[in-house]
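First comes the structure, then the notes that go with it.
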Amino acid sequence: MDKTESKTRGKKATPLVPDALNLITPEVIEAFRTLGVVRVRQALHPQWLLLIEMGLNRVLGDSAVVKHRFFPGEQGEFQETVRNFDSAVEIQRMMYDSPLADMLGRCMGSKKVWYYSDEFFIKNAGGAERTPWHQDTPYFPVAGSQLASVWISLDRLRADECLEFVAGSHLKTMYDGFDPRNPGDPSASYYEQGLPKLPDIQANRSAFPIVSWDIEPGDIIISSPSIIHGGGPTRVDGRRRALAIRMFGDDVVFATRPPSMPTVPMTPGLSLHLKPGDPLRSPWYPRLRPVPKRERYGA
Ligand SMILES: O=C(O)CCC(=O)C(=O)O
């Protein structure tokens, strides 16, 4: 054993980006809890943005990855890909190696953090449509308070092109979601049973406390998946390549949703193993923190 080895043995591994976690101040946690959303400026090192871009390119070039087309064939068409973790090693590394899991864990108040899902939303030039207003938790078979999403844009955006949020709505009613097969019709809901219909927010914007921000690459938006949110359209010459990641903590349990439609992302077999109220533990949801030994640097 050399001298360096004896000095470092037993010491904790140095965090990969030591400063990023310091950005999750008590004020950020308070905004996350009360408003359900907060922007954190310059939280991601350009290396992580490069990793996301490489993951996006892999996913787009992989014919086995389903590209969900919103408004197909129309001028405003855009695409979404779900659970890129399963098809892109870059997205896996992002989950384990970047500071995001630590940041979301601190916001949620959970030392343990699990991956739930991730989605690319790809709005390329040509003036993509809005992503309709919705909450995410109606689509997810989960209950509990320790849930968090982070939304990252690879492109600089104005506030009106960014993701928009109804502040405080995460603490209120859970509504039925929009139907992704028919996103242009505000009267079409996802389950069409069991949950109240979402009010037409776009038609009455001034009645709601809507917040959004200008975004520079490296900024992130942390939110509750229960908050009502909708994605701004892009300008004809603009583009917006965004990655949304969802994670959860200790108190999250399996829950059912109306049986008329599958939950998102689809997880066949899950409901045969878990009953409502069981902790959400399954190979579908790998643990990110503490980092499993096989995923650690230097292990
Ligand atoms: O980026 C978008 O337009 C939509 C994002 C979204 O709905 C989400 O992150 O849950």
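The values are calculated or read from the model by the stated rules, or taken from the named source; none is laboratory data. From a predicted model like this one, the values you see are computed outputs, not experimental measurements. We place every Cβ from the backbone using ideal geometry, glycine too, and count neighbours over all the protein chains shown.
Worth pointing out:
- Looking across the stretch 85-107 at every residue that is more than 13 Å from the chain's Cα centre (by Cα) and among the small types (Gly, Ala, Ser), the one that is nearest to Trp284 (Cα to Cα) is identified as Ser87.
- The residue that is nearest to Ser206 (Cα to Cα), among those in the stretch 123-164 that are among the aromatic types (Phe, Trp, Tyr) and near the ligand (Cβ under 10 Å from one of its atoms), is Trp133.
- Residues within the stretch 271-299 that are in contact with a strand residue (DSSP E or B) (Cβ under 7 Å, 6 or more places away or on another chain) and either of a type in the set (Gly, Ala, Ser) or not in a loop (DSSP other than H, G, I, E, B) (or both), tallied: 5
- Check on Pro225, within 10 Å of the ligand (Cβ to nearest atom), modelled with pLDDT of 95 or more and of a type outside the set (S, T, N, Q): yes
- Residues that are aliphatic (A, V, I, L, M), modelled with pLDDT of 95 or more and closer than 24 Å to Met261 by Cα occur in the stretch 126-142; there is at least one.
- From the list Thr267, Thr256, Thr263, Thr234, the one residue that fits, being buried (at least 16 other Cβ atoms within 10 Å of the Cβ), away from the ligand (no atom under 16 Å from the Cβ), hydroxyl-bearing (Ser, Thr, Tyr) and over 24 Å from Ile24 (Cβ atoms), is Thr267.
- Scanning the stretch 78-96 for residues that are among the β-branched types (Val, Ile, Thr), within 16 Å of the ligand (Cβ to nearest atom) and touching a helix residue (DSSP H, G or I) at 6+ places or on another chain (Cβ under 9 Å), we see that the one that is nearest to Met247 (Cα to Cα) is Ile91.
- Selection within the stretch 215-233 - over 18 Å from Ala128 (Cα atoms) and of a type outside the set (A, V, I, L, M): Glu216, Pro217, Gly218, Asp219, Ser223, Ser224, Pro225, Ser226
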